[in-house]
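Heads up, the thing below is written out as structure tokens.
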Amino acid sequence: MYTQESVYTQMTFHYMNGQSESFNLYAPVESDGSTQTFQLVEVRHLLNKDWWIINLPDQTVFVNIDNVVKVEVKPAIDQLKGEDVFTNAERVTALNRSR
């Protein structure tokens, strides 16, 4: 399985119904022993998909992005740049939801 030293990216999906769930995506180890990180190319490709598939050791989860209002990724993806990306941003307050 994975060790505490494994490199991973945490993704949290926030759904329209107010629920959320998080997944740790572990970086694959390359043949030279290095690890990959969640890259800009992967993000841009995923954003064009209607369904995201997360393959866990005990099950496969299919996430319909139409039901997702926000996706959080930790650690931050430093490679994201361009006209549609706000850089040097700081969160002032956490999201509050009223019903």
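The values are calculated or read from the model by the stated rules, or taken from the named source; none is laboratory data. Quick caveat: nothing in here was measured; it's all calculated off a predicted structure. Glycine gets a Cβ as well: all are built from the backbone with ideal geometry, and neighbour counts include every protein chain shown. The protein model used for the area step is the full one, side chains on, heavy atoms only, and it has no ligands, DNA or RNA in it. Shrake-Rupley method; radii C 1.70, N 1.55, O 1.52, S 1.80 Å.
Of all residues in region 10-24, count the ones that are in contact (Cβ under 8 Å) with a residue 24 or more places away in the chain and touching a Phe, Trp or Tyr at 6+ places or on another chain (Cβ under 6 Å).
The total comes to 1.
Tell me which residues, restricted to region 21-71, are at pLDDT 90 or above and acidic (Asp, Glu).
Glu21, Asp50, Asp58, Asp66 - these are the residues of region 21-71 that are at pLDDT 90 or above and acidic (Asp, Glu).
For Leu95, work out the one condition from (1) among the hydrophobic types (A, V, I, L, M, F, W, C); (2) at pLDDT below 80; (3) open to solvent by less than 80 Å² (accessible area, probe 1.4 Å) it doesn't fulfil.
Unmet condition: (3).
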